[in-house]
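Engineer: The structure is given below, and queries will be raised subsequently.
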Amino acid sequence: MGRLVLHRLAATVPVLLLVTAGVFALLHLTPGDPIDTMMAESADPAVKAHLRRELGLDRPIPVQYLQWMARVVRGDLGRSIRNGEPVIENVSRRLRPSLQLALLAMTVSLLVAFPLGIVSAVRRNTAADRAGTTFALFGICMPNFLLALLLIFVFGVTLRWLPISGYVDPLEEGWDGLRSLVLPACTLGLALAAVITRTLRSSLLEALGEDYVRTARAKGVSEWGVIGGHVLKNAMIPVVTVLGLQLGTLIGGAVITEYVFALPGVGRLVVDAVFARDYPLVQGVILLIAVGFIACNLVVDLLYGWLDPRIRIR
Amino acid sequence: MDGSTRASASAEPGWRALRRAARARLAPFGALVLLAAVVMALGAPVLSPHDPLKQNLDNTLARPGRTHLLGTDNVGRDVLSRVIWGTRVSLLAGIVSVALAAAAGSVLGLVAGYAGGRVDALVMRAMDAVLSFPPLVLALALGAVLGAGLTGVLVALGVVYTPTFARLMRGQVLSITARDYVDAARALGAPAFRIAWRHVVPNAAAPIVVQASLSVAFAILAEASLSFLGLGIQPPQASWGSMINAGRGYLQQAPWIVFGPGTALFVTVVGLNFVGDAVRDALDPRLTR
């Protein structure tokens, strides 16, 4: 397992270098002068010159990249133009709502997907199976923002059961905090549940046809014993693969969900920074999101080794 | 056409593929939706009952009725007309961004697979780097630096989808160049470019077409998401995503502003998924086994 970890980490290094180069290049892709884009044309030339010096834009591009990288490896991702605060502080302040949303969404998705996927596979070609596959299709084709507005319309506007926007910290306000996150978590979680349901159903159907399942049944193991004890772990590898592939979609979904429900998370920070043309903040947050995404994919890769020992040996 | 000609025509790979596509259970629905979307996009000036940009402040938030089948929005514009015109933006964004990605990705994958060595390593690590960004976040960042508007969105989505095609093409190139007929062409002295053009590209085309047909639906969703966030085509021009965003403030008084374009978007994406599945079944039946 140690070798697998080292191998995966080594493979990540060149990708990380290219990611930093890509994020650095973002500022230079701006048509025209990035300083003019960030600040109003009428801004004081002295202020513009100061910002240009501070961002190092008055130096050759290779020098700028090396200086930027030297700061990045020390944990200095620059400062927001809007509030002057370091990017790291901006992000760390917004991290809690995002993590709470991700955790709750993951819980919703697993609570929905596992029963649906298992029932669909075990009761194949029945009404329950058709309901499961229809749900999966519905979830995959439904954009996050539309599902969010549908949930707001039904549970917020019509039934008035849940708040339609805003954030209350569940760690401080308990029940009220949880209520503020129910609709965002369902928006994000149901989309993920759809993909997991579909994958789990097909991988369970494949595993149910294996010889060891027939042997277990012949030994008198109950159907649910076969599923829980033998089939589920073997059917998990495609599910973990899909979870890894869906991480990007989940993060993108979180950006939209936080925007719709006015949650003060990292996703909302990206959107706000983009529209404020706060490029140092955009660069910093995008770099952190990409590094987090790479780290999550690394964990997914290592999970394979845990689920299937053959991958460790290879 | 005599019997033998008919038999030989029906045995051609193209006909077999078409028959397989038509047999897919939900393909007719998908094809119908796609046809309707194309007709709406092309015939928008004739089909739309009202001017999609014309405001009528005396008739704002009007319920769906005879004059306005899907009601009016907060400045009195006809929602149905805007949905019809929005079809153009969605289809254009879906098709053009995927075409850009398929072209760029195929060239990069072809070069990487054919050149091998350092060129291959550099191109593929660059593709891995692009894949290291969550797609919507990358599109958002690129859209931000390229500026709001349809062109920025098309380029951003093109970049986001390029690595998928590059990986696919590289895999195809590696597999095809190891076959006997490519060895034979080399032995006959065919130059690399001719081998790539005459033997590799035609044989690698089917998986690229399958991937492209499956990607269009997701590109439409991505364009709608970016327009919803305000990065796509700018008001007052209509796009489904921006219409939904504009309508969310009136969800209580006029839900039709959101659910008119929302239904069009959902049905189009479902239909395109069915078409994509049918194309996959037709061109690459191994994938469905």
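The values are calculated or read from the model by the stated rules, or taken from the named source; none is laboratory data. Computed from a predicted structure; not experimentally measured. Every residue, glycine among them, receives a Cβ derived from its backbone with ideal geometry; neighbour counts consider all protein chains shown.
Engineer: Kindly provide the set of residues from segment A:285-300 that are facing chain B (nearest Cβ under 9 Å) and surrounded by fewer than 18 Cβ atoms within 10 Å (Cβ to Cβ), ordered by number.
Structural biologist: Once the filter is applied, which keeps residues that are facing chain B (nearest Cβ under 9 Å) and surrounded by fewer than 18 Cβ atoms within 10 Å (Cβ to Cβ), segment A:285-300 yields only A:V291.
Engineer: Further question: Please return the ranges of helices (runs of 4 or more DSSP H) entirely within segment B:192-289 where 3 or more residues are at the interface with chain A (Cβ under 10 Å from one of its Cβ atoms) and either at pLDDT 95 or above or surrounded by 24 or more Cβ atoms within 10 Å (Cβ to Cβ) (or both).
Structural biologist: On the way: elements: B:192-195, B:201-229, B:240-247, B:256-283.
The qualifying helices (runs of 4 or more DSSP H) are B:201-229, B:240-247, B:256-283.
Engineer: Go through (1) farther than 27 Å from A:L200 by Cα; (2) among the β-branched types (V, I, T); (3) modelled with pLDDT of 85 or more one by one and return the number of the condition A:I61 breaks.
Structural biologist: It fails just one condition, (3).
Engineer: So, one more: Within segment A:274-284, count every residue that is within 19 Å of A:S98 (Cα to Cα) and at the interface with chain B (Cβ under 9 Å from one of its Cβ atoms).
Structural biologist: 3
Engineer: Assuming A:V271 fulfils every condition listed in (1) surrounded by 18 or more Cβ atoms within 10 Å (Cβ to Cβ); (2) away from chain B (no Cβ under 14 Å); (3) not polar (S, T, N, Q) apart from one, which condition is it?
Structural biologist: Among (1) surrounded by 18 or more Cβ atoms within 10 Å (Cβ to Cβ); (2) away from chain B (no Cβ under 14 Å); (3) not polar (S, T, N, Q), the lone unmet condition for A:V271 is (2).
Engineer: Before we move on, is B:T72 more than 14 Å from chain A (Cβ to nearest Cβ), among the hydroxyl-bearing types (S, T, Y), surrounded by 18 or more Cβ atoms within 10 Å (Cβ to Cβ) and more than 29 Å from B:V210 (Cβ to Cβ)? Lay out the reasoning, then the answer.
Structural biologist: Values: more than 14 Å from chain A (Cβ to nearest Cβ): yes; among the hydroxyl-bearing types (S, T, Y): yes; surrounded by 18 or more Cβ atoms within 10 Å (Cβ to Cβ): yes; more than 29 Å from B:V210 (Cβ to Cβ): yes.
The answer is yes for B:T72.
Engineer: If we keep just the residues of segment A:70-120 that are hydroxyl-bearing (S, T, Y) and under 27 Å from A:G166 (Cβ atoms), which is surrounded by the most Cβ atoms within 10 Å (Cβ to Cβ)? Outline the logic, then answer.
Structural biologist: Applying the first criterion (hydroxyl-bearing (S, T, Y)) to segment A:70-120 yields A:80, A:92, A:98, A:107, A:109, A:120.
Those left that are additionally under 27 Å from A:G166 (Cβ atoms): A:80, A:92, A:98, A:107, A:109.
Numbers: A:S80: 22, A:S92: 12, A:S98: 22, A:T107: 12, A:S109: 26.
Here the answer is A:S109.
Engineer: Please go through (1) facing chain A (nearest Cβ under 7 Å); (2) touching a residue at least 60 places away in the same chain (Cβ under 8 Å) for B:A139 and return the number of the only condition it doesn't satisfy.
Structural biologist: (1)
Engineer: Criterion first (more than 21 Å from B:W256 (Cβ to Cβ), more than 14 Å from every other protein chain (Cβ to nearest Cβ) and at pLDDT below 95) does B:G117 satisfy it?
Structural biologist: Numbers: more than 21 Å from B:W256 (Cβ to Cβ): yes; more than 14 Å from every other protein chain (Cβ to nearest Cβ): yes; at pLDDT below 95: yes.
Judged against the criteria, B:G117 is a match.
Engineer: Quick check on my filter: what residues within segment B:64-83 are assigned to a helix (DSSP H, G or I) and either out of contact with any strand residue (DSSP E or B) (no Cβ under 9 Å at 6 or more places or on another chain) or without any contact (Cβ under 8 Å) to a residue 24 or more places away in the chain (or both)? Show your work before the answer.
Structural biologist: Keep residues of segment B:64-83 that are assigned to a helix (DSSP H, G or I), which gives B:79-83.
The answer is B:L80, B:S81, B:R82, B:V83.
Engineer: Report those helices (runs of 4 or more DSSP H) wholly inside segment A:1-84 carrying at least 1 residues which are facing chain B (nearest Cβ under 10 Å) and small (G, A, S). Steps first, please.
Structural biologist: Details: elements: A:2-29, A:34-38, A:45-54, A:61-73.
Ranges flagged: A:2-29.
Engineer: Collect the residues in segment A:198-222 that are surrounded by 13 or more Cβ atoms within 10 Å (Cβ to Cβ) and more than 14 Å from chain B (Cβ to nearest Cβ), keeping them in residue-number order.
Structural biologist: Applying the first criterion (surrounded by 13 or more Cβ atoms within 10 Å (Cβ to Cβ)) to segment A:198-222 yields A:198-208, A:210, A:213, A:216-217, A:221.
Hits for segment A:198-222 are A:T199, A:L200, A:R201, A:S203, A:L204, A:A207, A:L208, A:E210, A:V213, A:A216, A:R217, A:V221.
Engineer: With respect to A:A136, determine if the residue is crowded, with 21+ Cβ neighbours inside 10 Å, within 14 Å of chain B (Cβ to nearest Cβ) and part of a helix (DSSP H, G or I). Spell out the reasoning first.
Structural biologist: On the way: crowded, with 21+ Cβ neighbours inside 10 Å: yes; within 14 Å of chain B (Cβ to nearest Cβ): yes; part of a helix (DSSP H, G or I): yes.
The answer is yes for A:A136.
Engineer: In addition: Tell me which residues, restricted to segment A:82-101, are polar (S, T, N, Q) and under 17 Å from A:P170 (Cβ atoms).
Structural biologist: To start, the set of residues in segment A:82-101 that are polar (S, T, N, Q) comprises A:83, A:90, A:92, A:98, A:100.
Across segment A:82-101, the qualifying residues are A:S98, A:Q100.
Engineer: Now, a different point. Tally time: how many residues in segment B:123-162 are among the hydroxyl-bearing types (S, T, Y), assigned to a helix (DSSP H, G or I) and surrounded by 19 or more Cβ atoms within 10 Å (Cβ to Cβ)?
Structural biologist: So the count comes out to 2.
Engineer: Specify which of the listed residues (A:L303, A:L263, A:L247, A:L232) is in a helix (DSSP H, G or I), within 18 Å of A:L103 (Cβ to Cβ) and away from chain B (no Cβ under 11 Å). Steps first, answer last, please.
Structural biologist: On the way: A:L263 fails: in a helix (DSSP H, G or I); A:L247 fails: away from chain B (no Cβ under 11 Å); A:L232 fails: within 18 Å of A:L103 (Cβ to Cβ).
Among A:L303, A:L263, A:L247, A:L232, only A:L303 is in a helix (DSSP H, G or I), within 18 Å of A:L103 (Cβ to Cβ) and away from chain B (no Cβ under 11 Å).
Engineer: Also, I was wondering about something else. What are the residues in segment A:139-164 that are outside any helix (DSSP H, G or I) and either within 8 Å of chain B (Cβ to nearest Cβ) or polar (S, T, N, Q) (or both), if any?
Structural biologist: Here is the first cut: in segment A:139-164, the residues outside any helix (DSSP H, G or I) are A:142-143, A:159-164.
Within segment A:139-164, A:M142, A:P143 qualify.
Engineer: Please work out which one of (1) in contact with an Asp or Glu (Cβ under 9 Å, 6 or more places away or on another chain); (2) touching a residue at least 12 places away in the same chain (Cβ under 8 Å) is the condition A:D272 fails and give its number.
Structural biologist: Only one criterion in (1) in contact with an Asp or Glu (Cβ under 9 Å, 6 or more places away or on another chain); (2) touching a residue at least 12 places away in the same chain (Cβ under 8 Å) is unmet by A:D272, namely (2).
Results for (1) hydroxyl-bearing (S, T, Y); (2) assigned to a helix (DSSP H, G or I); (3) in contact with a Phe, Trp or Tyr (Cβ under 8 Å, 6 or more places away or on another chain); (4) surrounded by fewer than 15 Cβ atoms within 10 Å (Cβ to Cβ), shown as yes or no for each residue.
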{"site": "B:P49", "(1), (2), (3), (4)": "no, no, no, yes"}
{"site": "B:A62", "(1), (2), (3), (4)": "no, no, no, no"}
{"site": "B:W85", "(1), (2), (3), (4)": "no, yes, no, no"}
{"site": "B:A102", "(1), (2), (3), (4)": "no, yes, yes, no"}
{"site": "B:S106", "(1), (2), (3), (4)": "yes, yes, yes, no"}
{"site": "B:V111", "(1), (2), (3), (4)": "no, yes, no, no"}
{"site": "B:A121", "(1), (2), (3), (4)": "no, yes, no, yes"}
